[in-house]
1. How far is helix 74-85 tilted, in degrees, relative to the longest principal axis of the Cα atoms in the chain, given as a value from 0 to 90 rounded to the nearest 10?
2. Semi-axes of the equivalent ellipsoid for the chain, please: Cα gyration tensor eigenvalues, times 5, square-rooted, ordered largest first, whole Å.
3. How many Å² of accessible area per residue for the chain, probe 1.4 Å?
4. Order of 68-77, 33-42 by packing, highest average Cβ count within 10 Å first?
5. Over the chain, with every protein chain in place, what whole percent of the accessible area is carbon and sulfur at 1.4 Å, could you tell me?
6. If the cut-off is a Cα-Cα distance under 21 Å, which lysines reach LYS12, setting aside same-chain residues fewer than 8 apart in sequence?
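The values are calculated or read from the model by the stated rules, or taken from the named source; none is laboratory data. Keep in mind the model is a prediction, meaning the values are calculated, not measured. Note that we place each Cβ from the backbone using ideal geometry, even for glycine, and neighbour counts take in every protein chain shown. Each accessible area value is taken on the protein alone, full model and side chains, heavy atoms only, with ligands, DNA and RNA left out. Shrake-Rupley method; radii C 1.70, N 1.55, O 1.52, S 1.80 Å.
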Amino acid sequence: KNYTEIFLSDGKFLKRLTLKSLEDQLSTFAFICKTHRSYLLNLNKIESIKGNTQGYKIVLKNHSEIVPVSRSMIPKFESQLSVLKS
């Protein structure tokens, strides 16, 4: 609960930090979005989005991990993504 796994383009590492604390530290960056209770996502690293109103599945560039977007987070995700693209 107090550890966060952080994935970077060149690997991953474990940090003794809650996800909420990391989210607070990164809140000034418009391209960081919480997509699920267990995931923060760099919107610039999205390769493709699949899904429907039940939730999205995001494929990231250069990663095999699929990142979910929960139904409750879809409006915030779409809003941040549209602001970033404009």
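1. 90
2. Its equivalent ellipsoid spans semi-axes of 20, 15, 13 Å.
3. 72
4. On the way: 68-77: 15.8, 33-42: 17.6.
With the highest mean Cβ count within 10 Å placed first, the list reads 33-42, 68-77.
5. Values: 3190 of 6180 Å².
Solvent-exposed carbon and sulfur of the chain make up 52 percent of the total.
6. LYS1, LYS20, LYS34, LYS45, LYS57, LYS61
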